[in-house]
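Enquirer: The structure that follows is given in the form of structure tokens.
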Amino acid sequence: MERFGRRLRRLRLARGLSCSQLAYRVGVTEGAVRQMESGQTKIASFVIGLRLAKELGTTAWYLANGDTDDRDADIADPLVQRIAALERRVSFLIDDRDTQ
């Protein structure tokens, strides 16, 4: 199974972003991104995870867990619904901040 750091790096490279570019967009240091990719940091904080997922064009669930097979089955799970609602709110806030 692909680990978080490897998945983060793969998604970043697929977007054509450098560590520095991703860090700037998400609001962390380049070193923080490198630590996440190398496995020194297992997973980002919740809000940083949401920002990373948005910038990488994926869901926070996929970024954190790497599986997509069970996601549809989990839609009825209230926790998954709350996370999805938070992702939408954070995306809205980030989009709103970027337009100012």
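A short reminder: the numbers here are calculations on the coordinates, not readings from a lab. Note that this is a predicted model, so its numbers are computed, not measured. When we count neighbours, we look across all protein chains shown, and the Cβ atoms used for this are built from the backbone with ideal geometry, even at glycine.
Enquirer: Cα centroid distance between region 21-35 and region 4-20, in Å?
Expert: Each part's Cα centre sits 11 Å from the other's.
Enquirer: How far apart, in nm, are the 7 Å Cα→Cβ label points at Ser20 and Arg6?
Expert: Here the modelled spin labels are 2.8 nm apart.
Enquirer: Then there is this: Obtain the nm distance between the two label points defined at Phe92 and Asp67 by a simple spin-label model: each point lies 7 Å from its Cα along the Cα-to-C-beta direction.
Expert: For Phe92 paired with Asp67, the spin-label model returns 3.1 nm.
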